[in-house]
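The values are calculated or read from the model by the stated rules, or taken from the named source; none is laboratory data. No experiment lies behind these values; they were computed from the predicted model shown. All Cβ positions, even for glycine, are placed from backbone atoms using ideal geometry, and neighbour counts span all protein chains on display. These accessible areas exclude ligands, DNA and RNA; they are computed on the full protein's heavy atoms, side chains included. Shrake-Rupley method; radii C 1.70, N 1.55, O 1.52, S 1.80 Å.
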2 protein chains.
Amino acid sequence: MERKKEAPVGVFDSGVGGLTVVREIIRQLPDENIVYFGDTARVPYGSKSQKTIIRFSEQIIRFLKTKQVKAIVIACNTASALALDTVRGEFDVPILGVVFPGARAAVKATQNQKIGVVGTDATVRSGMYTKIIQEMDPGIQVIEKACPLFVPLVEEGFKEHVVTREVIEYYLEPLRATDIDAMILGCTHYPLLRSKIRAYMGEDIQIVNPAYETAMDLKKLLKEQGMDNDRAEGSASRYEFYVSDTAEKFRQFANTVMPFDVPETNVVNIEGF
Amino acid sequence: MERKKEAPVGVFDSGVGGLTVVREIIRQLPDENIVYFGDTARVPYGSKSQKTIIRFSEQIIRFLKTKQVKAIVIACNTASALALDTVRGEFDVPILGVVFPGARAAVKATQNQKIGVVGTDATVRSGMYTKIIQEMDPGIQVIEKACPLFVPLVEEGFKEHVVTREVIEYYLEPLRATDIDAMILGCTHYPLLRSKIRAYMGEDIQIVNPAYETAMDLKKLLKEQGMDNDRAEGSASRYEFYVSDTAEKFRQFANTVMPFDVPETNVVNIEGF
């Protein structure tokens, strides 16, 4: 299939979290068109099995291909950790995840070779961050910690509630007790709790959000393949949003994350792909 | 289709919560065989749309029918509130939900005609408890309150954690400030928080768990239709458990809820039904 420069980049996530990655892509690649898919009918992914997450990811990639995407970013850490290797071998479109860029950023950031990773149950159980970091530098010690309540706390709007501070303390106390000097926010929801996590962990730890390096990798990939978009003077980039359920709830949340008014969001029966 | 007395009763839920209903059915109807399905690949239902919950329910009922069930209990309040009316018209097997029995129990329990209902977002938005209670007695005032974090708190094992008490206080404070004298636990997960809810709400409120009346309704239905099972002397009832994902995690949780060791749990690709 011939891909076109003006074709959109596909981005997907289990729900709204991946919008933090879209926000970064728009900042670094303002000329690219984007098609986003959030799997709101089956969110969350973090407590589910690898087999199921691979099947969900395959369905979503088949959907995004109907939009003639020239590249796909798996904005979900869980799907990046559990499905990326498999789906890369199955589809003829370049696919990026967030785990590799996040790992590389943390390896650059650490001074004392000790990195912490927070993520969903499934991401942490996969051990993928540890594996990739130690492939980059076998001397680095990695401490991973699953924080499964962070996603519902964000989704239910408890960001500013006192219980969120207590849940952060409960999960991160064992990490704060170590001498890690860099910590990866290994779930796309977690940047939405960044200031609270920062307040608890202190100023001396570098907090790594994989979104930044992921957008950089996407930029590099598109340039290398001569596929970066030359947007016509005066025209605007197009952003399309699709979900598998509750489009209006998604749009309202997206409006709090994105730097512009999110247009109409369409529901896709993703199980049919 | 001819149904047999020894055929199993099908019970389903979005995940593990419906086991509290199975437990009650086993207590009241020890001679019945049961096939349980937990939709662990797509849990939770409480934040999803009616259209999606109807589609999920239809798929599960089609699966349960392959097990020749003689009746089906929707043990999930969200699916009972949003899908029961639709699926009843679509399938040739008797289907019971938990909302009607729960409403009836609360109507019996209240002395001052003021009932509180706690449930998921979707259940509360449906207004189904209020509608059914006021059909039974238009003079009763119903106050509904969504408590979306209760399910993740239970699923993540925070039952005994201090934040659970605080979340209970946060959600239930507006209900405690009223003079309701009966409160329906309108989500099958919530009975697992019963003692904490009781401690916060005080001894003067009757806490209604719809599971008890649902099992009674099932017993009545099977008797009326002459379909109650006469278990052969010395034989044991059969309980089968199916899920759409993470069978082992389900089985471990189920073992903490059920009065016996839960047998092997099988994974079903429910989207294919």
- request: Of the conditions (1) within 14 Å of chain B (Cβ to nearest Cβ); (2) open to solvent by less than 10 Å² (accessible area, probe 1.4 Å); (3) more than 15 Å from A:Ala254 (Cβ to Cβ); (4) touching a residue at least 40 places away in the same chain (Cβ under 8 Å), A:Asn77 clears all except one; give me its number.
  value: (1)
- prompt: Of (1) within 14 Å of chain B (Cβ to nearest Cβ); (2) surrounded by 23 or more Cβ atoms within 10 Å (Cβ to Cβ); (3) outside any helix (DSSP H, G or I), A:Gly116 satisfies all except one. Which?
  reply: (1)
Neighbours by Cβ (under 8 Å, 6+ apart or cross-chain): first from region B:58-72, under 13 Å from B:Glu90 (Cα atoms); second open to solvent by 10 Å² or more (accessible area, probe 1.4 Å) and assigned to a helix (DSSP H, G or I): B:Gln59/B:Glu271
message: Where the second residue is modelled with pLDDT of 95 or more and crowded, with 20+ Cβ neighbours inside 10 Å and the first is of a type in the set (D, E, K, R) and lies in region B:121-132, which pairs have Cβ atoms under 6 Å and are six or more apart or on separate chains?
response: B:Asp121/B:Ala146
- request: Look at B:Val107 and say whether it is assigned to a helix (DSSP H, G or I), more than 14 Å from chain A (Cβ to nearest Cβ), closer than 25 Å to B:Thr246 by Cα and modelled with pLDDT of 95 or more.
  value: no
- request: Look at region A:214-253 and say how many of its residues are touching a Pro at 6+ places or on another chain (Cβ under 9 Å) and of a type in the set (Gly, Ala, Ser).
  value: 2
- request: Could you grab me the full set of residues in region A:204-227 that are more than 12 Å from A:Pro94 (Cα to Cα) and touching a strand residue (DSSP E or B) at 6+ places or on another chain (Cβ under 7 Å)?
  value: A:Ile205, A:Gln206, A:Ile207, A:Val208, A:Asn209, A:Pro210, A:Thr214
Region B:148-170 residues that are within 16 Å of A:Glu155 (Cα to Cα) and within 7 Å of another protein chain (Cβ to nearest Cβ), paired with ones that are among the small types (Gly, Ala, Ser) and part of a loop (DSSP other than H, G, I, E, B) (beta carbon under 8 Å, 6 or more apart): B:Pro148/B:Gly46; B:Pro148/B:Ser47
statement: Those residues of region B:1-31 which are crowded, with 24+ Cβ neighbours inside 10 Å and touching a Lys or Arg at 6+ places or on another chain (Cβ under 8 Å) amount to B:Val9, B:Gly10, B:Ser14
query: Which ones in region A:34-58 are open to solvent by less than 10 Å² (accessible area, probe 1.4 Å) and either away from chain B (no Cβ under 14 Å) or over 16 Å from the mean Cα position of the chain (by Cα) (or both)?
result: A:Ile34, A:Val35, A:Tyr36, A:Phe37, A:Ala41, A:Arg42, A:Lys48, A:Thr52
statement: Those residues of region B:80-98 which are surrounded by 23 or more Cβ atoms within 10 Å (Cβ to Cβ) and out of contact with any Leu (no Cβ under 7 Å at 6 or more places or on another chain) amount to B:Ser80, B:Ala81, B:Leu82, B:Ala83, B:Val98
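If you check A:Glu135 against the conditions, is it touching a Gly at 6+ places or on another chain (Cβ under 9 Å) and open to solvent by 40 Å² or more (accessible area, probe 1.4 Å)?
Numbers: touching a Gly at 6+ places or on another chain (Cβ under 9 Å): no; open to solvent by 40 Å² or more (accessible area, probe 1.4 Å): yes.
The answer is no for A:Glu135.
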field: Extreme residue, most open to solvent (accessible area, probe 1.4 Å), among residues of region A:253-271 that are part of a loop (DSSP other than H, G, I, E, B) and touching a residue at least 60 places away in the same chain (Cβ under 8 Å)
entry: A:Pro259
